[in-house]
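Enquirer: Structure in structure tokens, see below.
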Amino acid sequence: MSKQYRFPENFLWGSATAAYQIEGSPLADGAGPSIWQRFAHTPGRMLNDDNGDVACDHYNRWRDDVGLMKQLGMQGYRFSVSWSRVMPEGRGRVNPKGLDFYERLVDTLLENGIQPTATLFHWDLPAALDDRGGWLNPDIADWFGEYSEVMYKRLDGRIKRWATLNEPWVVTDGGYLHGALAPGHRNRFEAPIASHNLLRAHGKSVQVYRAVGKHEVGLVVNIEPKYPASQSPEDLAATRRAEAYMNRQYLDPVFFGTYPEELREIFGEAWPEWPQADMDLIRQPLDFIGVNYYTRNVARHDEANWPLKVSPVRQTQHTYTETGWEVFPQGLTDTLTWVKERYGNPKVFITENGAAFFDPPKAERGRVRDPLRVSYLRQHLRAVHKAIEAGCDIQGYYVWSLLDNLEWSLGYSKRFGIVHVDFETQTRTPKDSARYYASVVASHGEALANEDD
Ligand code: GBH
């Protein structure tokens, strides 16, 4: 008999998006600007001068988009809340119309039998807070706590699963160390501070949740397993540094209350001593961990690559996506097994997984063929199944993304959606991958058994 892929009955199948990437109308109804609004309007920052002014126009088309999810049989939807829609200055005054937008969305999801999960911070920091130092200002933990409280009080119960931050690693590495993402800094001294304040803000938000919320709160991290290019001591040490920097920098403090030793090796004098009280704030029991998985890295020691001294080695025998990331499904099984073993088998949701490939630019007779994405999803969902068989507590999967959208500084050039968006007409067309995913969802995974890969 061929391999069976039936998933547990209560396994949650959904899709994910983020506010700045899909909503458009960033300043509508009293919203304040975010750092992404600012960054996208700074010449030279965005590929093709793209910006999120319209994006998928989800701010106006949200009802149709919920209909689309329903049509595809989605059971869950992970979206993010734009902090500066809800609090235009990031703190203090609440903008009722911003809050109403998310309330309507959540109520409509529930009416359609779709479980909402909200991420409170998916990179679009209120610009007014960046003016006060953003993630470099220690007060941001309290600002984030204030904003979290507004959201929890208004929507807890209707939203039963909350994520505080999306991928603090990317915020720090892209925003403060290498500068490709907002706010665009390149500073070895700032990166550790930003990381630490992200974690303190997360901790503060969890504390607030325990006081005012009754359901689940967690943290979303991006994990890319690291494999050594050779067994040389240099490559093994490089692999350990890369793993500490990306995969353990946030989870170790959250679970153990300590940062990995390697961070001092990497940042040298730029890595401060942190007060014990901060570590206690950061280390708080969570209800789940969100894992975003896209690819892996094969690591080689490279003196020239500052500050990690690690370079990736390209695997010529493997497929690469259009963003240049290796397709490596076994890495997802390895990641989930690693989380289980290192952190004591926490409850995990795969909060993002997906790929950008060259799709036909236009739908033809209502169809968009994306065979590479279909195969990516099949292989990665099989990898999830394998992890469940190995005893990992995986409770759900959200494909990234529901819609083609603004891929941050790469603009609209990279399409991650299972639904094609024509950015001239805003027409949505489910791609072959959406139909495929819908069939997997409807069959609790059984459809994964069809076809070889
Ligand atoms: C996510 O981040 C974001 O949460 C989401 O908003 C975004 O649209 C989506 O992914 C797609 O980008 O060059 O081989 O070394 C992704 C995190 C971290 C994944 C860096 C790729 C580099 C791989 N990314 N990583 S490689």
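Each value in this text was obtained by applying a stated rule to the coordinates, not by laboratory testing. None of the values given here were measured: they were computed from a predicted structure. Cβ placement follows ideal geometry from the backbone for every residue including glycine, while neighbour counts extend to all protein chains displayed.
Enquirer: Treat every Asp and Glu Cβ in region 12-449 as -1 and every Lys and Arg Cβ as +1, leave all other atoms uncharged, and give the resulting dipole magnitude about the Cα centre to the nearest 20 debye. Please list the in-between numbers first.
Expert: Working: 49 positive and 56 negative charges, 185 e Å.
Using only the charged Cβ atoms, the result is roughly 900 debye.
Enquirer: Defining a contact as two alpha carbons under 8 Å apart and six or more residues distant in sequence, what relative contact order in percent does region 4-151 show?
Expert: 29 percent
Enquirer: Among all lysine pairs in region 12-449 that are eight or more places apart or on different chains, how many have alpha carbons less than 20 angstrom apart?
Expert: 18
Enquirer: If I stretch the segment between Arg342 and Phe256 completely, what's the gain in nm (0.36 nm per residue apart, minus their alpha carbon distance), one decimal? If you can, show how the numbers build up before the last one.
Expert: Working: separation 86, 0.36 × 86 = 30.96 nm, distance 1.04 nm.
Stretched fully, the Arg342-Phe256 segment lengthens by 29.9 nm.
Enquirer: Quick one: check the C-alpha center-to-center distance for region 126-197 versus region 401-436, whole angstrom.
Expert: A separation of 27 Å, based on Cα centres.
Enquirer: Which order do the peptides 183-190, 270-277, 89-96, 166-173 come out in when sorted by mean C-beta neighbours inside 10 angstrom, highest first?
Expert: 166-173, 183-190, 89-96, 270-277
Enquirer: Turning to a different aspect of this structure: Describe numerically, in nm with one decimal, the distance between label points set 7 Å from Cα along Cα→Cβ at Ala390 and at Asp432.
Expert: Going by the 7 Å Cα→Cβ label model, 3.0 nm.
Enquirer: Based on the alpha-carbon gyration tensor of the chain and its eigenvalue square roots a ≥ b ≥ c, which shape applies: rounded if a/c is under 1.5, prolate if not and a/b is larger than b/c, or oblate? Please list the in-between numbers first.
Expert: Numbers: a/c = 1.33, a/b = 1.05, b/c = 1.26.
The shape class here is rounded.
Enquirer: Just tell me, in residue order, which DSSP H segments of the chain are both 30 angstrom or longer along the helix axis (alpha-carbon based) and at least -0.5 in mean Kyte-Doolittle hydropathy.
Expert: Within the chain the helices that satisfy the rule are 190-212.
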